[in-house]
Amino acid sequence: MNERSGAVPSCVAIILDGNRRWAKAHGLPKLEGHRVGLLDTLRNTVRFVHKKGIRHLAVFMFSTENWERDPMEVSYLMDLFRESIRKELKELAEENVRLRFIGQRERFSQDLQTAMTEAEAETAGNDGITLWCCLSYGGRAEIVAAAKAIAADGEEITEDSFARHLWSADMPDPDIIIRTSGEQRLSGFLTWRSVYSELFFTDTFWPDFSEKEFDEILTEFAERERRHGK
């Protein structure tokens, strides 16, 4: 039987794309797009997603390939992550948001690793919405890491046992994956978990993403039939 999407999704995932092009379109330094996207748009998005009763929001903030960008841009992003974790995300934590960080955490500086660990510990008891921050994340890297972990544990390899060793082990499979900026690919985002996700691509650059546009996506999602291979 076909299923209408109807109900409120449990998990929404977003690829935050178009920050640099947004800045160029507005005559601003390209790095300013990252600041607006991370410190303003993300905070607002978490709030309106939470308001709609959605329990999980996963955001693709920095990929494993992003380390290859210009060193000045990477350094700027690291400073933004520090500011976001210590200030912006702390503010969200006070609004019953739980923070989780998934990816190659060991590639970050020790102070950033500590900030992530502390943010997770401080918000562990929050039960409003879980914000999954995917940093130094790649779908292939996640699968390789899970394979190494299950081999080290000597477990039988099954879909269930494999899923338990993913960085995203506690995350529900996303019902919806959104990519902003007009690109129509997932770029390795949640490769294991995205097999039955409904995909939405919008031309809007991430800093301009709004609650109105999200509502339109939810409306279309409710009208889609989800077959799950049946």
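The values are calculated or read from the model by the stated rules, or taken from the named source; none is laboratory data. These numbers were taken from a predicted model, which means no experiment stands behind them. Every residue, glycine among them, receives a Cβ derived from its backbone with ideal geometry; neighbour counts consider all protein chains shown.
Some notes on this structure:
- Tabulated pairs, region 207-222, first under 17 Å from I177 (Cβ atoms), second of a type outside the set (S, T, N, Q) and assigned to a helix (DSSP H, G or I), C-beta under 7 angstrom, 6+ apart or interchain: F214/F48
- The criterion of at least 3 residues that are of a type outside the set (A, V, I, L, M), at pLDDT 95 or above and under 25 Å from S187 (Cβ atoms) is met, among strands (runs of 3 or more DSSP E) falling completely within region 10-126, by 56-63.
- If you go through region 125-177 and keep only what is closer than 30 Å to N96 by Cβ and aromatic (F, W, Y), you end up with W132, Y137, W167.
- Among the residues of region 131-142, some residue qualifies, meaning at least one is buried (at least 16 other Cβ atoms within 10 Å of the Cβ), part of a helix (DSSP H, G or I) and out of contact with any Leu (no Cβ under 8 Å at 6 or more places or on another chain).
- So K52, is it surrounded by fewer than 19 Cβ atoms within 10 Å (Cβ to Cβ), more than 17 Å from the chain's Cα centre (by Cα) and touching a residue at least 12 places away in the same chain (Cβ under 8 Å): yes
- Hey, A13 surrounded by fewer than 21 Cβ atoms within 10 Å (Cβ to Cβ) and small (G, A, S) or not: no
- Only one of F221, F214 that is crowded, with 16+ Cβ neighbours inside 10 Å and under 16 Å from the mean Cα position of the chain (by Cα): F214
- Residue within region 103-114 that is β-branched (V, I, T) and in contact (Cβ under 8 Å) with a residue 60 or more places away in the chain present: no
- Being crowded, with 18+ Cβ neighbours inside 10 Å and touching a helix residue (DSSP H, G or I) at 6+ places or on another chain (Cβ under 9 Å) holds for only one residue in A147, A115, and it is A115.
- Residue in region 66-75 that is surrounded by 19 or more Cβ atoms within 10 Å (Cβ to Cβ) and either in contact (Cβ under 8 Å) with a residue 12 or more places away in the chain or among the β-branched types (V, I, T) (or both) present: no
- Test: N96 is at positive phi and either surrounded by 14 or more Cβ atoms within 10 Å (Cβ to Cβ) or out of contact with any Cys (no Cβ under 8 Å at 6 or more places or on another chain) (or both): yes
- Residue match in region 162-185 (condition: surrounded by fewer than 17 Cβ atoms within 10 Å (Cβ to Cβ), assigned to a helix (DSSP H, G or I) and of a type outside the set (G, A, S)): yes
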